[in-house]
1. Count charges around A467 for me, please; just the other residues with Cβ under 10 Å from its Cβ, Lys/Arg as +1, Asp/Glu as -1.
2. Please work out how much length the chain gains when fully extended from F850 to D482, using 0.36 nm per residue of separation minus the C-alpha to C-alpha distance, in nm with one decimal.
3. Suppose R0 equals 25 Å. What FRET efficiency, 1/(1 + (r/R0)^6) with r the Cβ-Cβ distance, do S349 and R460 give to the nearest 0.05?
4. Pull out the extension gain between I692 and K449, defined as 0.36 nm times the separation in residues minus the alpha carbon to alpha carbon distance; nm, one decimal.
5. List the residues of the stretch 517-560 whose backbone N lies under 13 Å from a point placed 7 Å from the Cα of K602 along the Cα-to-Cβ direction.
6. Which entries in the list K140/K311; K791/K889; K149/K291; K488/K630 go over 25 Å, if you measure between the two C-alpha atoms of each?
7. If you filter the stretch 563-623 for trypsin sites (Lys or Arg not before Pro), then keep DSSP loop positions with at most 15 other Cβ within 10 Å, what is left?
8. Ranked highest first by the average count of other Cβ atoms within 10 Å around their residues, in what order do 332-345, 279-292, 807-820, 110-123 fall?
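What follows is calculated from the coordinates using simple rules that are stated; it is not laboratory data. Keep in mind that what you see is a predicted model, and the values were worked out from it rather than measured. Methodologically, a virtual Cβ is constructed for each residue, glycine included, from the backbone with ideal geometry; neighbour enumeration extends over all protein chains shown.
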Amino acid sequence: MEGKSRLQVSKSRVFKSSSHLDLQTKRDEEEKVNKPKTPKTPKTPKTPGSRDAMQATQFAKQRIAAIKRFLPTPVSAQKALKEALEAEEADVAGDVSLAASRPPAPEPDPERLRALEQSLLFEGCGSEFLEVLLRESKRKFLAPGEVLKLTDCGSLYLVETGAVRFQVGDEKQISVQGRGQFINGAGFLRLLAEGKVFKQRLGAGGLALRPKAARQQGYDVHGYSGLPPVIYVDFRGPPQQPEEYSGPDDITMAFFNTCPYSCRMSSDPPMAQGWLSLTVTGAAAGEHPAKAGAALPAGGATVLALPPLQKIQDMLDRKLGEAELSMKTLGNFGMNCEEVTSVWTEMMSRFILTVFPGAPFEAVFTLAEGSKRCFVPKGSNVVAEGETGEDADALVIIVNGVASVLKKVQEVDGTAEQQTVGRLRAGAIIGDISLIGALVPRPASVRAKTDVEAVVIPGRVILNVLAVYPALLHPATDRLVDVAECIKERLLTKTEVASSLNLFFGCDLGFVNDVASSGERRLLFAGETVVQQGGTAGTLFVLEHGRVSIQIAGLGTVNEVPAGNCFGERTLIGIAKEANATVRVFTPFALVLAIARPSLHKALKKHPVETEHFEKLKTAQQGGRISGSKVRHVELFRACGTGFLEALNARVTSAMYLHGQTVVVEGCVEQDPCMFVLSGGIVVAERSGCAIARISPGATFGELAMLGQSPERAVTIRAVTLCFVMSIQSSVFHQALEQFPEEKERFSTDMLEGQKEGPRVVWPCLRGESSRLLYLLDLYAEKFSCEAGDKRLGQAPLNEAAILVLDGEISVLTQEGEELQVLTAGCCWNERILAGARAKQTERLVPITFCEVRVVTRETWGKVMAEFPSDLGKVRGSILRYMGEQAEKRLGYPPGSPALLQEKTAFFSAVSPEFARLAREMAETRIVEPGCDIVPESLVNEVVSRHVDVETETETLEKFQIIEESKEGDDDDDEENQDDLVQEMYVFLHGVATYFSSLTGERSWRHGEVIGEGAFAGATRSWEKAIH
């Protein structure tokens, strides 16, 4: 309670009428007149000890003020209190059967004390105070169907045994609660009459008025004045071809993702009296409480009526002199009541109309009791970007002050660069009930620009309230449906979901597809039942989104289960005749895939061979997904053992990201970095704010950071649609390696220890590249073993991939069977695809001995290079340089030496060896695809020269071709480009090319032949032929 004492408690206008204030003022004046004057004492200097004493005195004064302010009953409430007490006495007297067996003063027991201690009203009040309350309480039996009267200034009820029903409005959806449930908290604090001030105003025709516009509610967006977006709808296509869109950019979307209630207006249905009614009755026979406890055989419930506030005041007057009560205990109780009342008032004025329009006062009291008021000093964060779990689920109401919404755009040298995207004022709401339990990290930070006062409502408190009052979500149905439809589009296919279940493990994929294709995806809201205990429907339910609670009659809720689990498989295949538990939606909504028993039987008739599989299952333990199913399909772990996959799978975390939200930020250094698996949606990789790659479902990113090979994030990963992402932390990965040391060899122990040596056999075309790139390529490249004469290396898809020989010998043959060369360990083939060229079509591979190779496809190469976007040009140059050196070697010249230039050209034969060496180092290797021009024919012009012989007086015509001169008026850049082309000299190294000219016809360009030497040397601008 010391931390609670620091809160500034404001005086509540709820508990003081004008007449009461007059009486209190009169008493204070009389005390002031009669009080003897005492001489003033000199002030003592403020020392640390005296400061603590002053604080203690101040806290004591606050407690005394809370007692005086809260406990006395307003004169205006005396009549209501009297009526409430008479009604309670009449109810108790009318129940003759129970009165005979009920003790006049129930003795306190540990279970009741624990129930009171869990309530914020009695936090820090001490067991002595609570025991006094329990001794002054009265038991009441609530018969099945009997209505429990909720009155202002009445008792606070605590359910001891049995169950009660809660019904909101005229809705058929009810909830049944049991032991430990508090009722009439709003009436206990005298809030029912006060709530009339906040009665939801009705407009013309009886329709409830909608909330004010976003700007009037406390939301200011910087740099954007258009209509608020529909944040759950995708709008952007590939980064190279963006669709037309006039809404906010990705950075501005962080504001709307952080404060979704700024995006939409409420579409609330009309309510007869401006709010929904609440009816609490005794449960019928057979209705079991959802949370805790067991139902009574004949129904109904026993409730404990704690004394109302006036009785508490009288009781305290009698007990105040006793040692068992203290001023601190009483002050804590008064301050708790003040705080709950203050939070309730803020919710009624700023929160309920927007989030839960028409909510009963009792529901708002439960929210207020579980919430807390906090004061954030200027410069501190109200919420932080990237928060996960319960912190991210909490809703925050700005009560006073101004805060800025900040989005992290980059991190340089450990310092985050943040951009301000908006401002929040009093009345703004951070968070959205639609996303509670959806595992969405905070999209942006909210930092106090001034001192900020806020009310924090934990997500768990909201879920508990929805479990009791599920009808509160009805006005938000449209909003939930929009979110659910967007999520549904990003889920795995039905076949993918079914194939990951243990129930169908080992079955033919066609059979699984037939079973799953007839499945139905269902949207269920909070409180709705997925599986009913005792049901015999025989339907399998797979939870794809949300959380559910498992409830057993007599025990209440025994577990909460996240997405990825299934229910009803035992009744589906006939192991059990009925369900042994009730499964009920706990989050605002859930998505489930339902597969009915007839669908399974129909598929078994089509695939009778699978019948044996299900007969074996009847004698085996079933349920859940395949061990390691979340990570088994990840390419990085494809060759790992089942135990290692189980260790990873047990600690894989999932998250959902909204459009525009960043998964990782460029330059960010993390203490425990993760690798990510994109299971649904689309993300883009950005560098310096520009999109460089598009990543689709099934892809992974961030592996190097997880493996400890990259100290910082190389790119920003941003969601352009709603996305589902799985993550594996570095600590989890290394713990799994320690548990299964046999897997260390696969992930290269030397590399994991931070050494710079690459794999034992490296790609010769990548020598000199970073060890991190070689390491990641080695992890992703698939190993392939084959016997001598195996033809698979020469067939698709292996003949379209790059090959590195790890062991053995492989012959490179032409399509006609002529051997071109023999590849041994350390040699590579078809590396041209890594440089973006087509695969070789004129060669094939045939193993001479048993051999082992690594295979890199275009997709694998693209995935690896996505981690090194700034090295793309450098790596491509290395590959082309290697290919040029290998071609020189086949022509009989030392790779990389100037010997070829010196032998084939007159120009380089005449220069010094050092000049020739430098020229060779500057030479560029190029790949030209079939059908493309090396020297375009459009740049070669035929020129006709007329020559007259004076002696013979004969005229001859001579034709020759030159490079087209730049025309007058052309840009300087075009002229420079043409000059560059003229000055290039080409040496043909490998492949097939032809000269072509209308003057001399067509002939082959021979390997090692040089063209353009004269133009290169500047001796002429004439060009002999076009080359293809």
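1. After counting each charged neighbour, the total is +2.
2. 126.7 nm
3. 0.55
4. Additional length available on full extension: 83.9 nm.
5. 517-520
6. Pairs exceeding the cut-off: K791/K889.
7. Here the sparse-neighbourhood loop sites are K577, K618.
8. 332-345, 279-292, 110-123, 807-820
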